[in-house]
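Following: one structure in structure tokens, then a few remarks.
The values are calculated or read from the model by the stated rules, or taken from the named source; none is laboratory data. Note that the coordinates shown come from a computational prediction; the quantities given were computed from them, not determined experimentally. Here the Cβ is made from the backbone with ideal geometry for all residues, glycine too, and neighbour counts use every protein chain on show. All accessible areas refer to the heavy atoms of the entire protein, side chains included, with ligands and DNA or RNA removed. Shrake-Rupley method; radii C 1.70, N 1.55, O 1.52, S 1.80 Å.
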Amino acid sequence: MNRSERHQVIPAVFLVFERNAEILLQRRFNTGFQDGQYTLPSGHVEQNETPTQAACREAAEETGVSVKPEED
């Protein structure tokens, strides 16, 4: 394994859903990493995907919330 294989940067997105001064958290379950802990909905950006596309996809996958990106 060369150095570049050991130290890869994998971009991630974290989602903050706020309503009435409350923030949505999810409880990690059966992932093998920090199970039982609460966290923001999140996930990795896949190859050839923008962070905005990843955030919309992860919102649906992790929470069932449909998010549409705003136009610039």
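Testing CYS56 on (1) part of a loop (DSSP other than H, G, I, E, B); (2) touching a Lys or Arg at 6+ places or on another chain (Cβ under 9 Å), one condition comes back false. Which one is that?
The number of the failed condition is (1).
Could you check region 1-47 and list, in sequence order, the residues that are among the β-branched types (Val, Ile, Thr) and assigned to a loop (DSSP other than H, G, I, E, B)? First the steps, then the outcome.
So the first thing to find is which residues in region 1-47 are among the β-branched types (Val, Ile, Thr), and the list is 9-10, 13, 16, 23, 31, 39, 45.
Residues satisfying the conditions are VAL9, ILE10, VAL16, THR31, VAL45.
Report the residue count in region 39-52 for those that are under 23 Å from SER66 (Cβ atoms) and either open to solvent by 100 Å² or more (accessible area, probe 1.4 Å) or among the charged types (D, E, K, R) (or both).
We begin by selecting, within region 39-52, every residue under 23 Å from SER66 (Cβ atoms); these are 39-46, 48-52.
From what is left, the residues that are either open to solvent by 100 Å² or more (accessible area, probe 1.4 Å) or among the charged types (D, E, K, R) (or both) are 44, 46, 48-49.
Residues that pass the stated criteria total 4.
Output the residues belonging to region 53-66 that are under 21 Å from ILE23 (Cα atoms) and open to solvent by 60 Å² or more (accessible area, probe 1.4 Å). Steps first, please.
Narrowing region 53-66 to residues under 21 Å from ILE23 (Cα atoms): 54-66.
GLU61, GLU62, GLY64, SER66, listed by residue number.
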